[in-house]
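Take a look at the structure below.
The values are calculated or read from the model by the stated rules, or taken from the named source; none is laboratory data. The structure displayed is predicted, hence computed values, not measured ones. In this analysis, Cβ positions are derived from the backbone assuming ideal geometry, glycine residues included, and neighbour counts consider all displayed protein chains. Note: accessible area is taken over every heavy atom of the protein model, side chains too, but ligands, DNA and RNA are not part of it. Shrake-Rupley method; radii C 1.70, N 1.55, O 1.52, S 1.80 Å.
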Amino acid sequence: MRLQRLIAACTELSRRAAEDVITAGRVRVNGQVVTKLGTTVRPGLDRVALDDRLLVLPHEHFYLLLHKPPNFIVTKKDPQGRPTIWSLLKPWAQKLDAAGRLDFDAEGLILLSDDGDFLQKISHPKHELWKIYHVKVRRKPSAEALQALAKGVQLDDGTTTLPAQVKKLRETDAHTWIEIGIREGKNHQVKRMCEAVGHDCIRLRRVAIGSLKLGGLKPGLWRYLRPDELTRLLQEVG
Ligand code: URA
């Protein structure tokens with residue numbers, strides 16, 4: 001959240017007046033005087049003071065990471081009545097929204113928050129956060145197929161994907177796990193990319209969004225983001 005917005009929300013000052021107190025050197029963030037307008041602060045994490053008055057927003061935001069299991073939908077109300085990811089969360093977390101979606105059958109990292117600015121930034125393609133997926137495909141993609149995925153492939157709608165990060169992880173006789181990192185978010189993009197090179201995707205797990213990693217969190221469980229994780233993500237989206 002922008003510093004002037006936080007000041008205006010916590011005081012009787014207008015945003016314009018909040019800018020004036022910033023440029024006048026009357027505002028400290030974590031003990032340091034900040035005079036730059038547009039400085040971003042994290043409500044609930046950064047200590048913001050105007051003169052000697054600590055400014056605390058009445059409501060702090062929540063930032064959660066959930067390991068979505070397959071067969072849960074990332075929609076608050078599903079017309080088909082399928083279980084939603086919100087059924088895995090506590091009642092108070094029902095008001096949180098997800099940053100981007102995962103298909104019903106997909107699994108992995110879902111980021112949730114009630115901080116609208118944050119969600120918009122994370123989901124906006126202009127910030128080009130890498131989203132990393134582990135994908136199980138049928139058979140063994142050739143080196144050419146993996147190269148094509150990395151260079152960009154033509155999808156069924158005629159559009160071409162941007163260069164991707166592609167790495168073979170492991171293979172059995174029947175299947176191969178590959179890691180695919182993309183910086184865009186077309187509908188069902190990873191599945192369609194795999195199909196474009198002739199391999200059906202039979203499992204899809206998102207393991208990272210930018211620097212935020214799913215790690216060892218078990219399917220169906222959630223946890224709060226650590227302050228260092230949130231700080232890095234906020235840096236990544238500017
Ligand atoms: N790509 C897909 O095909 N599905 C997802 O859920 C996410 C990325």
Candidate set from segment 188-233 (those that are within 12 Å of the ligand (Cβ to nearest atom), touching a helix residue (DSSP H, G or I) at 6+ places or on another chain (Cβ under 9 Å) and in a helix (DSSP H, G or I)); member that is farthest from F118 (Cα to Cα)
A196
If I ask for residues that are more than 18 Å from C201 (Cβ to Cβ), surrounded by 15 or more Cβ atoms within 10 Å (Cβ to Cβ), among the small types (G, A, S) and modelled with pLDDT of 95 or more, which ones from segment 62-112 would you list?
A98
Among (1) open to solvent by less than 40 Å² (accessible area, probe 1.4 Å); (2) more than 21 Å from N71 (Cβ to Cβ); (3) in contact with a Ser or Thr (Cβ under 8 Å, 6 or more places away or on another chain), the one test that G185 misses:
(1)
From the list R42, R53, R47, pick out the single residue that is touching a Leu at 6+ places or on another chain (Cβ under 8 Å), of a type outside the set (S, T, Y) and exposed (fewer than 14 other Cβ atoms within 10 Å of the Cβ).
R47
List the residue pairs whose Cβ atoms are under 8 Å apart, where the first residue sits in segment 113-130 and is touching a residue at least 12 places away in the same chain (Cβ under 8 Å), the second is assigned to a helix (DSSP H, G or I) and exposed (fewer than 14 other Cβ atoms within 10 Å of the Cβ), and the two are 6 or more positions apart or on different chains.
D114/K95
Taking only segment 177-187 into account, find how many residues are touching a helix residue (DSSP H, G or I) at 6+ places or on another chain (Cβ under 9 Å), near the ligand (Cβ under 9 Å from one of its atoms) and not in a strand (DSSP E or B).
2
